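Novice: The structure's right below; bear with me while I get my questions together.
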Amino acid sequence: MTVPAAGRGTTTVAPRAVRRIAERAAAEALPDGGSVIRGSAAVRGASARIAVGVRLPYPVRADEAAQRIRERAETRTAALTGLSVPRAEVRVDALSVAAPPVPEAEPGPPGDKDGSGPRIRAQRRVPAAVLAVVGAVACGLLLVDVIAVRFGGAPAGWRTAVVDWAAAHGPADTAVRLAGVGAALVGAWLLGCALLPGLRRRLRMAAPAPEVRAALDRTAAARILRERALGVPGVVRARVSVRRRRARVRAGVGYGRPEEVRAEVVRVLGASLLELGLHRTPALRVRVRRVDRDGAEDGTQDGPRNSGAA
């Protein structure tokens, strides 16, 4: 018995599925360091038109790379969907510069087994300059007044006023207590400036030589990790924050299985953290979210929290 063609049913491939297939196919032809930013697809009957925006590493021949990506996207999309793809567009929306490799740190001298050297301390030029100016002015005024009195002159009015005020006010007065609290706070601040190393925005790096001390700005480290995360197939956007003890990554997944993308992000960023050459590798925390075409997010998956190496 032959079933009429009208009763056999139809197969429809949604444009969203075609778009994701095209994005995945384009990612397969990307050079190392490239990533797919966004894609679009339109289906009319048995044909489809696709467009893909990519980020390419610099330097690279953009025309040759775009040609390979276009051919791969056309053939794979047509083979997997059964639709004809008469037209495929590839847009190079951005370029990324890969971070240069960091040389391995050589062992330090005896007594410095981790090769890190002494910690870099903040110079704190503004507090030092303010304290020096105030001390110099106060000492200069007092010295000029003492010399004038020794040569037979009258003491300065400001000094006699200060002495008279101090003689008329005791420790129980509110003004004296407030002045003492202020002096104590200023002293604690100066002690903190003298004892604490500062430079909280910088990450201490392992020294390649005993006489070398180096630090990496946390913002620069976050930018490097973000570029590496965007280079993972499936990641369309990423937010990275780096602190002294942990690095947090929030990645948006445009295509592919989130758990697979998360595992690849953890692997790539784990290796990138080691390449930064830090004295203490921050613990890595990765969270991925599915990102739809309109930018909406659904679902969150947390990656494993890796312990940083001391």
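Novice: For segment 259-291, give me each residue that is in contact (Cβ under 8 Å) with a residue 60 or more places away in the chain and charged (D, E, K, R).
Specialist: 275, 280
Novice: Report every pair of residues separated by at least 6 positions or lying on different chains whose Cβ atoms are under 7 Å apart, first residue within segment 227-244 and of a type in the set (Lys, Arg), second open to solvent by 40 Å² or more (accessible area, probe 1.4 Å) and not in a loop (DSSP other than H, G, I, E, B).
Specialist: Pairs that qualify, where the first residue is of a type in the set (Lys, Arg) and the partner is open to solvent by 40 Å² or more (accessible area, probe 1.4 Å) and not in a loop (DSSP other than H, G, I, E, B), are 239/250.
Novice: Exposed (fewer than 10 other Cβ atoms within 10 Å of the Cβ), at pLDDT below 85, out of contact with any Lys or Arg (no Cβ under 6 Å at 6 or more places or on another chain) and under 30 Å from residue 222 (Cβ atoms), is that true of residue 103?
Specialist: When the stated conditions are applied, residue 103 passes them.
Novice: Please go through segment 18-34 and pick out each residue that is open to solvent by less than 40 Å² (accessible area, probe 1.4 Å) and either among the acidic types (Asp, Glu) or in contact (Cβ under 8 Å) with a residue 40 or more places away in the chain (or both).
Specialist: Step one: filter segment 18-34 for residues open to solvent by less than 40 Å² (accessible area, probe 1.4 Å), giving 18-19, 22-23, 25-27, 29-31, 34.
If the condition is that a residue be open to solvent by less than 40 Å² (accessible area, probe 1.4 Å) and either among the acidic types (Asp, Glu) or in contact (Cβ under 8 Å) with a residue 40 or more places away in the chain (or both), then 18, 19, 22, 23, 25, 26, 27, 29, 30, 34 are the ones that fit.
Novice: Ok, one more. In segment 188-232, which residue that is in contact with a Gly (Cβ under 6 Å, 6 or more places away or on another chain) and farther than 21 Å from residue 266 by Cβ is modelled with the lowest pLDDT?
Specialist: It comes out as 210.
One line per residue, one yes/no per condition, for (1) at pLDDT 75 or above; (2) farther than 30 Å from residue 197 by Cβ; (3) more than 52 Å from the chain's Cα centre (by Cα):
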| site | (1), (2), (3) |
| --- | --- |
| 111 | no, no, no |
| 126 | yes, no, no |
| 129 | yes, no, no |
| 148 | yes, yes, yes |
| 151 | yes, yes, yes |
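Novice: Mind listing just one residue for me: the one in segment 253-310 that is open to solvent by less than 30 Å² (accessible area, probe 1.4 Å) and in a loop (DSSP other than H, G, I, E, B) and, of those, modelled with the lowest pLDDT?
Specialist: Only one residue tops the list, namely 303.
Novice: Right, another one. List pairs: first residue in segment 149-174 and outside any helix (DSSP H, G or I), second residue surrounded by 10 or more Cβ atoms within 10 Å (Cβ to Cβ) anywhere in the structure, Cβ distance under 6 angstrom, at least six positions apart or on different chains.
Specialist: 155/149; 156/145; 169/176
Novice: Here is a follow-up. Which count do you get for residues in segment 35-63 that are open to solvent by 30 Å² or more (accessible area, probe 1.4 Å) and either acidic (Asp, Glu) or more than 22 Å from the chain's Cα centre (by Cα) (or both)?
Specialist: The total comes to 14.
The values are calculated or read from the model by the stated rules, or taken from the named source; none is laboratory data. Predicted, not measured: the structure shown is a model, and the values here were computed from it. Heads up, the Cβs are rebuilt from the backbone with ideal geometry, glycines too, and the neighbour counts pull from every protein chain shown. To get the accessible areas, we keep the full protein, side chains included, count just its heavy atoms, and leave off ligands, DNA and RNA. Shrake-Rupley method; radii C 1.70, N 1.55, O 1.52, S 1.80 Å.
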